[in-house]
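Shown next, in structure tokens, is the structure this report addresses.
Each value in this text was obtained by applying a stated rule to the coordinates, not by laboratory testing. None of the values given here were measured: they were computed from a predicted structure. Glycine gets a Cβ as well: all are built from the backbone with ideal geometry, and neighbour counts include every protein chain shown.
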Amino acid sequence: MHILHEPLKQKPKCRVELHVHLDGAIRPETIWEVMRRKGMKLPGNGSLADLKVALKVQEPQDLKFMLEAFQIFLPAIRGDLEVIERIAYEFVEDEARESVAYCEVRFCPHLLLPASPHVGGATNGAVDGANGDVEVTTDQVLEAVLRGLARGEQEFDTKVRVILCCLRGQSEFSWDLLRLCEEYRDRGVVGIDLAGDEACREDMIDPVDVAVFEAAREKGIHRTVHAGEAGSAECVKIALDTFGAERIGHGYRVIENEDIYQRCLKEKVHFEVCPHSSYLTGAIKSLVSPSKRHPVLRFVEDGASFSINTDDPTLTSTRLCDEYALLNSWGFTEAHITRANFQAALHSFLPPEEKRELIAQLREAYGIIFEAPPSTTASPSASSPSTTRTSTPPLKPSVTFGTWAERA
Ligand SMILES: [Zn+2]
């Protein structure tokens with residue numbers, strides 16, 4: 001007997017992702033095709049399978065090792081606006097496949113400029129092209145990304161906005177990044193980030209980055225900071241107090257300092273958790289607790305605000321469904337996952353009206369009922385709990401029933 005099985009034709013967009021790097025979320029197939037077309041040396045025997053093996057970080061390493069994997073493919077992409085636009089477009093398609101309603105993708109346009117010895121000194125973000133005759137600017141790189149995202153949003157109905165990354169140790173880009181945040185805030189850029197290896201000793205904090213984040217705060221540009229991943233709980237405190245971070249990228253090691261952790265719970269600090277990546281960067285391995293129990297378990301038990309993210313899917317070889325599956329294997333239920341998605345929406349960097357729309361979209365997707373529950377008594381008194389509940393006007397028109405029986 002044959003049983004016909006057709007997959008679902010439509011799935012509700014019910015997920016929100018806040019922490020994923022565009023240059024760490026490129027399809028291996030695209031990298032392979034572009035590298036072959038450009039005659040660049042591919043790893044192994046040059047097959048797609050060998051490239052996938054080379055890209056995937058197999059064992060927990062340190063963050064530096066993980067970031068080095070970018071060097072395999074970044075040269076194929078840098079300065080190529082057509083490829084950059086394609087990557088952004090394909091990213092939206094991949095997010096849509098993962099049922100993502102809204103995503104904030106981050107990158108540093110300076111790292112996508114053509115490789116050039118002048119890149120470090122390019123204060124206006126313009127360098128000579130790979131051929132020496134084409135000039136590519138950070139504005140053009142950003143515009144290519146925004147074009148790809150807009151085309152993707154149009155076609156796949158997943159909204160994606162951009163966070164621009166400042167890089168620790170490369171603060172020569174930071175003011176230009178702030179300029180881009182300001183100039184493109186109405187065209188899809190919603191925030192600024194500080195990424196790269198954590199330097200959390202006060203004397204290692206770059207005053208340029210501090211000044212840029214202070215200016216971002218004054219201009220109303222949203223801020224997130226990678227902290228408490230390789231660095232200690234103190235880095236989380238510095239991200240909040242010195243950089244005015246509204247969200248923390250990773251933040252796992254915050255649980256090593258109970259005072260800082262309790263403060264974060266009290267202030268409802270949002271942690272952008274990336275489960276697989278946290279192992280592969282060695283962040284969990286470096287926890288001082290002997291059990292190495294993942295901090296997200298503590299977050300969920302304590303009602304901390306967090307989202308579930310992929311970080312660098314090209315290197316982790318995971319999609320959101322794999323991140324969710326890992327958390328499910330640790331005992332997460334659909335309620336935990338749902339809450340994480342609502343927390344992500346609530347802490348997104350969207351303007352208030354769009355944030356309200358996103359939360360309404362999630363409510364619809366999860367089938368959250370707006371109508372007041374039917375009363376269990378025939379004639380509820382003015383002080384009954386059901387009256388108290390219905391005193392808040394429902395968000396949608398509703399029908400009121402006197403009794404449960406009347407409902408039929
Ligand atoms: Zn990251």
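Which of His5, His110 comes first, and how do the rest follow, when ranked by fewest Cβ neighbours within 10 Å?
His5, His110
Quick one: Karplus J couplings for the stretch 262-273, per residue in order, coefficients 6.51, -1.76, 1.60, θ = phi - 60°, nearest Hz, x for Gly and Pro?
Going residue by residue, I get 5, 4, 4, 5, 5, 8, 6, 5, 8, 9, 8, 8 Hz, with x marking Gly and Pro.
So how do Tyr366, Tyr279 line up by other beta-carbon neighbours within 10 Å, fewest first?
Tyr366, Tyr279
Specify which residue in the list Leu22, Phe332, Gln262 is farthest towards the positive end of the charge dipole of the chain, using unit charges on the beta carbon of Lys, Arg (+1) and Asp, Glu (-1), about the Cα centre.
Phe332
Given contacts defined as C-alpha pairs under 8 Å and at least six residues apart, what's the relative contact order of the stretch 150-309, whole-number percent?
After rounding, I find 16 percent.
What residues have an amide H closer than 5 Å to that of Gly282, excluding those fewer than 5 places away on the same chain, when H is modeled at 1.01 Å from N in the peptide plane?
Hits under the 5 Å cutoff: Gln61.
Using the Karplus curve 6.51 cos²θ - 1.76 cosθ + 1.60 with θ = phi - 60°, work out ³J(HN,Hα) for each residue of the stretch 281-287 in order, rounded to whole Hz, and write x for Gly and Pro.
So the J values, rounded to whole Hz, are 7, x, 5, 6, 4, 8, 4.
Order by neighbour count: Ile26, Ile368, Ile337, fewest other Cβ atoms within 10 Å first, most last.
Ile368, Ile337, Ile26
Assuming R0 = 30 Å, can you tell me the calculated FRET efficiency for the pair Arg319 and Ile368, based on Cβ-Cβ distance, to the nearest 0.05?
0.75
Under a Cβ-only charge scheme (Lys and Arg +1, Asp and Glu -1), can you give me the dipole magnitude of the stretch 187-335 about the Cα centre, in debye to the nearest 20?
320
Considering amide H positions built from the backbone, and no H for Pro or chain starts, which residues 5 or more places from Thr310, or on another chain, come under 5 Å of its amide H?
Distant-sequence amide H within range of Thr310: His19.
At 222 nm, what value in deg cm²/dmol follows for the chain if DSSP H runs of at least 4 each add -39500 (n - 2.57) and the sum is divided by all its residues, to the nearest 500?
Dividing the helical sum by the residues of the chain leaves -12500 deg cm²/dmol.
Would you please give the residues with an amide H less than 5 Å from that of Gly79, counting only those at least 5 places away or on a separate chain, with H modeled from the backbone geometry?
Amide H to amide H, under 5 Å and 5 or more residues apart or across chains, Gly79 pairs with Leu113.
Quote the charge dipole size of the stretch 15-366 about the Cα centre in Debye, to the nearest 20; the model charges only the Cβ of Lys and Arg (+1) and of Asp and Glu (-1).
Here the size comes out at about 660 debye.
Please tell me the relative contact order of the stretch 15-366 in percent, rounded to the nearest whole number, where contacts are Cα pairs under 8 Å and at least six residues apart.
Relative contact order of the stretch 15-366: 19 percent.
I need the phi-derived Karplus couplings for the stretch 179-195: 6.51 cos²θ - 1.76 cosθ + 1.60, θ = phi - 60°, integer Hz, Gly and Pro marked x.
Taking θ as phi minus 60°, the curve returns 4, 5, 4, 6, 5, 10, 5, 8, 10, x, 9, 10, x, 10, 9, 10, 10 Hz for the stretch 179-195.
Identify, among Ala360, Leu287, His347, the residue whose Cα sits farthest towards the positive end of the charge dipole of the stretch 265-377, taking +1 on the Cβ of Lys and Arg and -1 on the Cβ of Asp and Glu, with the dipole about the Cα centre.
Value: Leu287.
What is the calculated FRET efficiency for Asp302 to Asp197, with r their C-beta to C-beta distance and R₀ = 35 Å, to the nearest 0.05?
Once rounded, the FRET efficiency stands at 0.80.
Run the paramagnetic zone check for Lys56: 7 angstrom along Cα to Cβ, then residues of the stretch 249-278 with backbone nitrogen under 19 Å.
Answer for this model: 275-278.
Calculate I(q)/I(0) for the chain by the Debye formula, one identical point scatterer on each C-alpha and no solvent, and give its log10 at q = 0.07, 0.11 Å⁻¹ to two decimals.
The calculated log intensity ratios at q = 0.07, 0.11 Å⁻¹ are -0.37, -0.84.
Does anyone have the angle between helix 81-97 and the longest principal axis of the chain? Alpha-carbon axes, 0 to 90°, nearest 10?
30
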